[in-house]
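S.K.: Pasting a structure below so you can have a look.
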């Protein structure tokens, strides 16, 4: 995911620099300027970067839990049914 985020960022930067410094890098320079699609591409870059960071954090959490040994649980067997006070008894 970091690879796709970095490729998107590089392509958006190249497009922005090309539109700013060289007007003739695409045909019809008078109508070629960054439209709303360029802004959406920038938002897509931020979304991809955020999702790749979230995926990496989640992966680290899952790997840490997987590598930890299992917690020991109390496996005591229930004893005989006892009355709350010694002089009482349960009648079944």
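Read-outs throughout are calculated quantities, based only on the coordinates presented, and are distinct from any laboratory measurement. This one's a predicted model, so the numbers in the text were calculated from it and none came from an experiment. With ideal geometry, Cβ positions are generated from the backbone for all residues, glycine too; neighbour counts draw on all protein chains shown.
S.K.: Within 10 Å, count the other beta carbons around each residue, average over each peptide in 30-41, 5-16, and list them highest first. Walk me through the numbers on the way to the answer.
M.R.: On the way: 30-41: 10.5, 5-16: 14.2.
Output ranking for 30-41, 5-16: 5-16, 30-41.
S.K.: Starting from the Cα gyration tensor of the range 2-67, take the square roots of the eigenvalues, sort them a ≥ b ≥ c, and report rounded, prolate or oblate (rounded when a/c is under 1.5, otherwise prolate if a/b is larger than b/c, else oblate). All intermediate terms of the calculation are to be shown ahead of the outcome.
M.R.: Numbers: a/c = 6.33, a/b = 3.61, b/c = 1.75.
It is prolate, given that a/c is not under 1.5 and a/b is the larger ratio.
S.K.: What distance in nm separates the two pseudo spin-label positions at residue 64 and residue 13, each 7 Å out from Cα along the beta-carbon direction?
M.R.: A separation of 3.1 nm, rounded to one decimal place.
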